[in-house]
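The values are calculated or read from the model by the stated rules, or taken from the named source; none is laboratory data. Computed from a predicted structure; not experimentally measured. Cβ atoms come from the backbone with ideal geometry, glycine included; neighbour counts cover every protein chain shown.
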Amino acid sequence: MKTVIIEDEELAIKGLLKLLNDYNHFFEVMAIARNGQEAVEIVEYHKPDVIFLDIEMPVFNGFEVLKKLKNMPLIIFTTAYDAFAVKAFEENSVDYLLKPIEKQRFDLTVERLKQRNTEKSAEFDIQQFSALFHTLSAKQGIHSLTVKSADKFLFISISEIAYFIAEERYVFLNTLDGKKYITNYTIHNLEEILPKEFIRISRSTIINSKHILEAQRFFTGNYVIFLKDTKRSKIETGRKYVDNFIKLFHI
């Protein structure tokens, strides 16, 4: 089967390649896409039989990628949600691999691919599964986010996050103690999954409202917000998003 991997984490890519290599008589890896934009271009070019698709990545998330495809391959979702989410996806006839992917579970996916009818599998409703994913996210709640640091994965508690900021192609998580980590999320993704204390105050920034120290109003109507982190970060609201800040504090 012509295969494309869509994944932005190098560690996850290496693990998946190792698993696929055990079935090199069955899979032919055509390309690897490391963000949603690359994914659309690569899938349309190679027209693979199957894609291994991460749900949360830069530029477009997995569901946004699917909505943009003209040629729909078989889809194996890969992401880091719990067993409840896995069960829900499996019950709806979509295969789903939980990270880190176990060999035994991957073997089962291969067997399913061998038995699956391509046309039938491609008929699933993208909107339905996108809604399911976000419903599951809301049900299980978000207590921490995972970031990569060197060769380790760190779990950053939501309460320790001061703000998120998009810089060029990536979104960075900034903690109260002044540390900065690259994430796999887009600002749009974060808006959907974060608790209500996180508010978007500009096109590129989401802050944790529990860590606001003070705010100063400009004559333009925008605000400069100072946070309680060790850097005393200073962030300005964007014109389009200033109402988010005003409504939160009933100013």
Check your understanding: Out of (1) closer than 22 Å to residue 149 by Cα; (2) surrounded by 19 or more Cβ atoms within 10 Å (Cβ to Cβ), what's the single condition that is false for residue 200?
Key -> (1)
Review point. Among the residues of the stretch 185-203, which ones are aliphatic (A, V, I, L, M) and in a strand (DSSP E or B)?
Key: 199, 201
Point to revise | Residue that is surrounded by the most Cβ atoms within 10 Å (Cβ to Cβ) [pool: residues in the stretch 1-13 that are modelled with pLDDT of 90 or more and not in a helix (DSSP H, G or I)] | key: 6
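Can you confirm whether residue 223 is among the aromatic types (Phe, Trp, Tyr) and within 17 Å of residue 171 (Cβ to Cβ)?
Judged against the criteria, residue 223 is not a match.
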**Study point:** Residue list for the stretch 24-73, filter: outside any loop (DSSP other than H, G, I, E, B), among the charged types (D, E, K, R) and at pLDDT below 85
**Key:** 64, 67
Review point. Which residues, counting only those in the stretch 206-251, are of a type in the set (Gly, Ala, Ser) and farther than 24 Å from residue 176 by Cβ?
Key: 221
Review point. Within the stretch 204-221, restricting attention to residues that are part of a loop (DSSP other than H, G, I, E, B) and modelled with pLDDT under 90, which residue is nearest to the chain's Cα centre (by Cα)?
Key: 221
Review point. Which of (1) surrounded by fewer than 16 Cβ atoms within 10 Å (Cβ to Cβ); (2) modelled with pLDDT of 85 or more; (3) under 19 Å from residue 7 (Cβ atoms) is the odd one out, the single condition residue 170 does not satisfy?
Key: (1)
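Yes/no matrix, rows are residues, columns are (1) out of contact with any strand residue (DSSP E or B) (no Cβ under 8 Å at 6 or more places or on another chain); (2) basic (Lys, Arg):
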position	(1), (2)
156	no, no
176	no, no
179	yes, yes
182	no, no
186	no, no
192	yes, no
219	yes, no
Review point. Here is a list of conditions, (1) surrounded by 20 or more Cβ atoms within 10 Å (Cβ to Cβ); (2) of a type in the set (A, V, I, L, M); (3) in contact with a helix residue (DSSP H, G or I) (Cβ under 6 Å, 6 or more places away or on another chain), and residue 16 meets all of them except one; can you say which number that is?
Key: (3)
